[in-house]
Amino acid sequence: MISMKRILNGGMAALAVVAAALGAGPLQAQEEFPFGFVMTLDAARMPGSKRIPSIEVGDNGEVILELWCDGGKGQFSVAGNTIVFVPGAMENRNCTPDRAQADKDLLTALGDTTSWRRQGDQVTFFGSRQLRFVINSN
């Protein structure tokens with residue numbers, strides 16, 4: 001016959017396993033990467049310009065960039081919260097030196113991106129510099 005002590009010990013062990021399994025999971029699941037959306041950099045306009053950089057991400061990670069002055073293409077590869085950006089061909093528009101440098105700096109920061117996080121309509125890229133974009137939902 002099974003003793004009451006043995007039953008209680010087994011029950012407590014089972015409860016400990018269930019509690020550990022529930023506690024090990026994330027509190028909130030990672031939101032999906034916004035494939036198929038346009039995102040705008042969360043930044044103020046440069047003096048004398050109406051432009052703010054934007055990224056249009058296709059369903060397969062293909063990217064259309066509109067920077068401070070130049071524009072072009074690129075590619076995002078996403079696996080979980082890991083991300084890699086590879087710039088493609090860029091159009092060389094007549095840019096002022098400050099906008100050309102800002103474009104170069106932004107492309108470098110995107111190229112250094114290693115991870116990302118989405119919270120609602122905000123997507124943050126992490127790397128040498130933190131970049132926050134807002135998903136255009138209109």
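The values are calculated or read from the model by the stated rules, or taken from the named source; none is laboratory data. This is a predicted model, so every value here is computed, not measured. FYI the Cβ positions are ideal-geometry reconstructions off the backbone, even for glycines, and counts take in every protein chain you see. These area figures cover heavy atoms from the full protein model, side chains too; ligands, DNA and RNA do not enter into them. Shrake-Rupley method; radii C 1.70, N 1.55, O 1.52, S 1.80 Å.
What to note about this one:
- If you go through the stretch 63-78 and pick out every residue that is under 21 Å from S115 (Cα atoms) and either touching a strand residue (DSSP E or B) at 6+ places or on another chain (Cβ under 6 Å) or open to solvent by 60 Å² or more (accessible area, probe 1.4 Å) (or both), you end up with 8.
- The set of residues in the stretch 97-138 being out of contact with any strand residue (DSSP E or B) (no Cβ under 9 Å at 6 or more places or on another chain) and among the aliphatic types (A, V, I, L, M) consists of A100, A102.
- Members of the stretch 60-90 that are among the aliphatic types (A, V, I, L, M) and over 29 Å from G48 (Cα atoms): V78, A79, I83, V84, V86
- The listed residues are D112, D121, D98, and the only one of them that is in contact (Cβ under 8 Å) with a residue 24 or more places away in the chain and acidic (D, E) turns out to be D98.
- Where S137 falls short, out of the listed (1) of a type in the set (S, T, Y); (2) within 19 Å of R51 (Cα to Cα); (3) open to solvent by less than 80 Å² (accessible area, probe 1.4 Å): (3)
- Considering the stretch 72-87, the residues that are of a type in the set (G, A, S) and free of Cβ contacts under 8 Å to residues at least 24 places away in the same chain include one that is farthest from G61 (Cα to Cα), namely G72.
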